[in-house]
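Below you'll find the structure, written out as structure tokens, and then a few comments.
The values are calculated or read from the model by the stated rules, or taken from the named source; none is laboratory data. Quantities reported herein were computed from a predicted structural model and do not represent experimental measurements. Here Cβ is always computed from backbone atoms with ideal geometry, including for glycine, and neighbour counts include all displayed protein chains. Accessible surface areas use protein heavy atoms only, side chains included; no ligands, DNA or RNA. Shrake-Rupley method; radii C 1.70, N 1.55, O 1.52, S 1.80 Å.
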Amino acid sequence: MPFLHLSVRIDPNSGFCFGVIYAIQMAEDLLDEQGYLYCLGDIVHNDEEVQRLEERGLRIICHERLAELRNEAVLIRAHGEPPATYQMALENNLTLIDASCPVVLKLQNRIKASYDKKEQIFIYGKHGHAEVLGLLGQTSGNAVVFESLDELLSHELPENITLYSQTTKSTNSFYDIKNQLETRGYQVNANDTICRQVSNRDKDLRRFAAQYDQIVFVSGTKSSNGKVLYQVCKETNPLTHFISNVAEIDAAWFRPGQSVGICGATSTPMWLMEQVRERLLSL
């Protein structure tokens, strides 16, 4: 089969956000020092990166396993954790290495302050997401989490609504929800706590995806951010392919001489996108 001679470029704005870089760097330093490290939940929503770190000694554990551990060090990943996790660590003599993203920690503190003032808190976010569970924990589980305006309106709402958002949600959607509520006569105290490093990728990706014949979007299947950004690419360039690893690339997608852009989620490691580039150049 003749070579396809594709021209391939990786999006310079794709790859880990600073919160993930910080957590992984911390894990790697500790693995170098002690050879193993417990991590509460997947350190990043990317199976390939998790596997790479597990091969270096990272041990991913769940909250049930955490409850059984004693006298160990445990990494808290960028998503953050609820207060109950810190309490359990104290009781079990665990050393928590806190790699919670600073943007998430700031949001947790603001939600706690609102809750202490007896405000009724509504969080725009994904049910069951690690970051959202950490936010809910600041309100002893009393905040209302919702994924859409329709779901929010299905609740009996107070006149005054304190609105927060998971840090990786779309700013447009957040402000649309705020405006819709105000149109319906609610007083909305909207706290825009969305991470701009994530939300700005939307615009950057649209520009990037429009420049190429085809796009290969690299992301773990568990990444919420990956699902959203993939849709952004697909809306801009319908010839966008979602892959989690190099083995999923299909040469039949491409025609000789095409230009291909590679991009990914905030949880996609650069080394994985580089592997994808090498594979495409070899077709």
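Couple of notes before you dig in:
- Listed residue (ILE161, ASN172, GLN275) projecting farthest to the positive dipole end of the chain, Cβ model: ASN172
- Packing-based ranking of 216-227, 32-43 yields 216-227, 32-43, ordered from highest to lowest mean Cβ neighbour count within 10 Å.
- Percent of Cα pairs exceeding the 20 Å cut-off, where the set is the stretch 95-239: 53
- Estimated D of the stretch 170-242 in µm² per second, where Rh is the Kirkwood radius over Cα pairs and Stokes-Einstein applies at 25 °C, 0.890 mPa s: 177
- Ligands, DNA and RNA aside, CYS195 has an accessible area near 20 Å² when probed at 1.4 Å.
- In terms of overall dimensions, the stretch 233-283 has a Cα radius of gyration and Dmax of 11.0, 31 angstrom.
- The stretch 1-110: trypsin sites (Lys or Arg not before Pro) falling in loop per DSSP and having at most 16 other Cβ within 10 Å: ARG56, ARG70
- Dipole check for the stretch 1-124: with +1 at the C-beta of Lys and Arg, -1 at the C-beta of Asp and Glu, and the Cα centre as origin, the magnitude is about 560 Debye.
- Here the spin labels are modelled as points 7 Å beyond Cα on the Cα-Cβ line, and at ARG110 and THR221 they lie 3.5 nm apart.
- Net dipole in debye of the chain [+1 Lys, Arg Cβ; -1 Asp, Glu Cβ; about Cα centre; nearest 20]: 680
- Cα-based shape type of the stretch 32-84, given that a ≥ b ≥ c are square roots of the gyration tensor eigenvalues and the cut on a/c is 1.5: oblate
- Under the simplified labelling scheme, the ASP29-ARG52 pair shows an inter-label distance of 1.9 nm, with each label point 7 Å from Cα along Cα→Cβ.
- Note on the stretch 43-126: semi-axes of the ellipsoid equivalent to its C-alpha gyration tensor, largest first and rounded to whole Å, are 27, 18, 10.
- Heavy-atom surface analysis with a 1.4 Å probe gives the chain a carbon and sulfur content of 49 percent of its accessible area.
- In a fully extended conformation the segment linking LEU153 and ALA210 would gain 16.9 nm over its present Cα-Cα distance, using 0.36 nm per residue.
- Shape call, the chain: gyration tensor on alpha carbons, a/c limit 1.5: oblate
- Between LEU58, LEU69, LEU163, the GNM of the chain built on Cα springs shorter than 10 angstrom shows LEU69 fluctuating the most.
- Difference of contour (0.36 nm per residue) and Cα-Cα distance, ALA252 to TYR186: 18.4 nm
- Whether the stretch 54-102 is rounded, prolate or oblate, judged on the alpha carbon gyration tensor where a/c under 1.5 counts as rounded: oblate
- Heavy atoms of the protein chains alone define the surface here; on that basis the stretch 179-264 has 46 Å² accessible area per residue at 1.4 Å probe size.
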